[in-house]
Each structure stands twice: as structure tokens, then as C-alpha cells.
Amino acid sequence: MKIQALIPLAAMAGLALSSGVAGAQSQGVTKDEIRIGTIQDLSGPLAGYGKQSRNGMQLRVDELNEQGNVNGRKLKLFVEDSGYDPKKAVLAAQKLVNQDKIFIMAGHLGTAQNMAAMPVQFEKNVVNFLPITAAREMYEPHHRLKYSFAATYFDQMRLTLPKLVKDKGAKKVCTIYQDDEFGLEVERGAEAGLKTLGMEVVEKTSYKRGATDFSSQVAKMKAANCDLVVLGTIIRETIGTVGEARKTGFNPTFLGSSAAYTDLIHKLGGKAMDGIYATHTAQHPYLDEASQPMRFWANKYKTKFNEDPTVFSVYGYTIIDAFIKAAQKAGPNLTTDSFVKSMDTMTFEPDMFGAPKSTYTATKRLGNDLSRLSQIVDGKWKVMSDYVAP
């Protein structure tokens, strides 16, 4: 299973995006309803994530509709399946925009999928709101209909690696990364972070997407005496690399990005995964979490959907929560223009899931670039640092 949903595809970056029609009457808003669309992977390689983020979104929609409204309007969530295929994402976007007449596209999962769907939305003046991907293309180049929440892989490494290097007294930093735009973003972020310390990557090694054997890469890093390894890896590759290293008695400090921050690492990798670090923004909501509000939320989610929530459930929930706050502020006359105007003055305070403060303006469309460190301790992710500012 791969988190390619969070993989920037620079090849798609040149896609021409129309500028949207300023001032047009907005669809998807009636006297008593706001229509929200989302595209998730419900049948492909990331169906687990897609279903979790959809459930998180639905939980917040239901809460709002049971307890109140947005300036007299209830929310209605329209969900389409991309199967994690950009071509299907285009068809899904066409249906949501033209047939279901959605007001906004929220929390669309996947980089290539977003890149393919955005032109369809922008032609109809539909905002792409907080997609679930850490690609820079979600807010660059600047576009009035783009808003992003996920600190990029580049920034995650650039900001957190120097702190860990200092804390561990690391002398030789190496990287293993997936040979594509995702892996390269992690690698580039590591290089940029080390540069601030006057250091360079000692050994770089990569692998092709879908690889299952990491013995030659681990042997190279072991031979170079690396004492800290940056992982541009996702689930299977993280488990494979760390597992192989442990087997050969090679035990550097391992640091992954938010692509490796999933409960599947310790669930599938077992005891050998203890000790690895990863960056994260929102926190994984364990049912026995020490924080009472988070524990209450996790149990409420489990009661409703009969499964444990994950960090993707949290993304879905908080994306809808952010939409509600901005739409409330926009006032009773909700249009794309009034929503954009409202978003461009929004500040979202830290929430119960530990996400940092986010601010948006007419020129700043990534809420924040911050991430923090967590570590697997006794088979669970544990927060190890506050947000690391540059």
C-alpha cells in the first residue's frame, strides 16, 4: 500500500489552470443548503485513506446539521470515487460541478488527481479547498481559487532535520528516497536543512516505486557509517528499510516525513519500528489518547463508523470544520467571491488534534509551513517536539 496521494507530481505542474470568473453568481448555495463536493479513493490503492477522510468529513457535516446551521443553511456532502486515477478524477469533478452543482471542492485526495480536476472546477468558479496532499502545486502558482493546509515535504525536512541532527549529535546524514517527485522533495528538503548547519548529505541512495528489497541501499548506508538516515519512503518502504537495517545490526536515527506518519507502520512493521521518527501536523487519534477531548472524539467516531479513526479521519473532519468557520464569517450572502474574501482574512487557532495556527491572506494560500516530530515508542506514535519554526 502506498501513500502516493501525498506525492507531488512536478510533471503535472505546468497544467494550465483557467482563472475563474470573478463576480459570477455561485452555484451550490440555496436558501437552506450548501453543497460540498469531495473526491476520494474509495476503490483503488488508497481506499483505506479515502474512506477515512470521507468519514471524518461526514462526521463534521452531521454534527453541524444536528446542532445548528451556517447562516440558516444545512450542509450536504457529495462524494465521488476516483479509484486514485487522474482520468476518473476528471469525470468525478465534471459530475460534481455540472450535475450536482457543488459550491466547493473540499479535501480532494491525491496530487495528480487534484491537478487533473482543478481546471474543471476553476472553469465553473469552484474553489479547491484544502486538498489532502502535501504538494506545492496545491498553492503554487498562486490562484484565487486555491487554498492548501499541508506543510510540504520539502518544508517538513528543511525545518525539522537540523533540530534532530543537533539533538542527536549526528555527524553523517544519509538519505534513501523513492525515485520520483515525492522522494526528491524529501531529499531536497533534507539538503536545504543540512545547508543551514554547514553540512551535506554523505550518502544518497534511491529505489524505484514498488520496490520490495532494500538490502543494497541499506548496505551502502551502513558502509558510509551513517548515524542519521532521512527516509523519503512511504509505508512498505519504511518498514522494509528499517527492518533490513535492524537485521544487519545497523541502527542509525531514522527520520521520515508525514508520508510515513501512519499507524500502519507500527501495526505492520511490529517491534522493529520502535524508535523511528517522523514529521506530522495533525496527531493520530488513538482511542486511549491522554487528551480528553481527543479521546472523546475518537470514541464518538468509532461508535458512528464501527472502526478506529486515523489521521486521515482527522484531516477530513478539520477540513469541513475550517469550511464552516469561513462560510459563517462570509455571512448570509454566500458566493465564491464572499467566501474567498472571508478566507483571505481567516486565522485558525490550534485545535484538539494539535494542528498549528494557520493564517490565510490574498497572497498567502498555504496556512502554515510547520510540522513537528513524533517517534514510535512501545508501538505507538508519541509527540516528541513542538512545532519547529525556521
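The values are calculated or read from the model by the stated rules, or taken from the named source; none is laboratory data. Bear in mind that the values here come from a model prediction, so they are computed numbers and not experimental data. Methodologically, a virtual Cβ is constructed for each residue, glycine included, from the backbone with ideal geometry; neighbour enumeration extends over all protein chains shown. When the accessible area is computed, the model is the full protein with side chains, heavy atoms only, and any ligands, DNA or RNA have been set aside. Shrake-Rupley method; radii C 1.70, N 1.55, O 1.52, S 1.80 Å.
Descriptive notes on the structure:
- If you go through the range 282-301 and keep only what is part of a helix (DSSP H, G or I), under 25 Å from Thr133 (Cα atoms) and not aliphatic (A, V, I, L, M), you end up with Trp297, Tyr301.
- Taking residues in the range 92-117 that are more than 22 Å from Phe182 (Cβ to Cβ), and partners anywhere that are modelled with pLDDT of 95 or more and among the acidic types (Asp, Glu), the pairs with Cβ atoms closer than 9 Å and at least 6 places apart or on different chains are Ala92/Glu80; Ala92/Asp81; Ala93/Glu80; Lys95/Glu80; Leu96/Glu80; Val97/Glu123; Asp100/Glu80.
- Scan of the range 241-276 for residues that are closer than 22 Å to Val311 by Cα and not in a helix (DSSP H, G or I), ordered by number: Phe254, Leu255, Gly256, Ser257, Tyr261, Thr262, Asp274, Gly275, Ile276
- Gly331 meets the conditions (1) open to solvent by less than 20 Å² (accessible area, probe 1.4 Å); (2) without any contact (Cβ under 8 Å) to a residue 24 or more places away in the chain in every case but one. The failed one is (2).
- From the options Thr279, Thr238, Thr205, residue that is in a strand (DSSP E or B), of a type in the set (S, T, N, Q) and closer than 20 Å to Arg372 by Cα: Thr279
- Whenever a residue of the range 258-279 is open to solvent by 30 Å² or more (accessible area, probe 1.4 Å), its partners that are assigned to a strand (DSSP E or B), lying with C-beta atoms within less than 6 angstrom and at least six residues away or across chains, give the pairs Asp274/Ile376.
- When the range 20-49 is limited to residues that are over 21 Å from Val70 (Cα atoms) and among the hydroxyl-bearing types (Ser, Thr, Tyr), the one that is modelled with the highest pLDDT turns out to be Ser43.
- Among the residues of the range 164-187, those that are at pLDDT 95 or above, open to solvent by 20 Å² or more (accessible area, probe 1.4 Å) and assigned to a helix (DSSP H, G or I) comprise Lys166, Asp167, Lys168.
- Residue check, Cys226 touching a Pro at 6+ places or on another chain (Cβ under 7 Å), modelled with pLDDT of 95 or more and not in a helix (DSSP H, G or I): yes
- Residue that is nearest to Ile239 (Cα to Cα) [pool: residues in the range 188-199 that are touching a residue at least 24 places away in the same chain (Cβ under 8 Å) and open to solvent by 10 Å² or more (accessible area, probe 1.4 Å)]: Arg188
- For the range 243-276, residues that are over 17 Å from the mean Cα position of the chain (by Cα) and under 18 Å from Thr160 (Cβ atoms) total 6.
- In the range 40-72, the residues that are of a type in the set (D, E, K, R) and either surrounded by fewer than 20 Cβ atoms within 10 Å (Cβ to Cβ) or on the phi > 0 side of the Ramachandran plot (or both): Asp62, Glu63, Glu66
- Checking each residue in the range 334-359 for being over 26 Å from Leu161 (Cα atoms) and either among the hydroxyl-bearing types (Ser, Thr, Tyr) or surrounded by 20 or more Cβ atoms within 10 Å (Cβ to Cβ) (or both) picks out Leu334, Thr335, Thr336, Ser338, Phe339, Val340, Ser342, Met343, Thr345, Thr347.
- Annotation note: of Lys382, Lys364, the sole residue that is open to solvent by 20 Å² or more (accessible area, probe 1.4 Å) and assigned to a strand (DSSP E or B) is Lys382.
- When residues of the range 134-157 are limited to those that are touching a residue at least 40 places away in the same chain (Cβ under 8 Å) and within 30 Å of Lys220 (Cα to Cα), the one surrounded by the fewest Cβ atoms within 10 Å (Cβ to Cβ): Asp155
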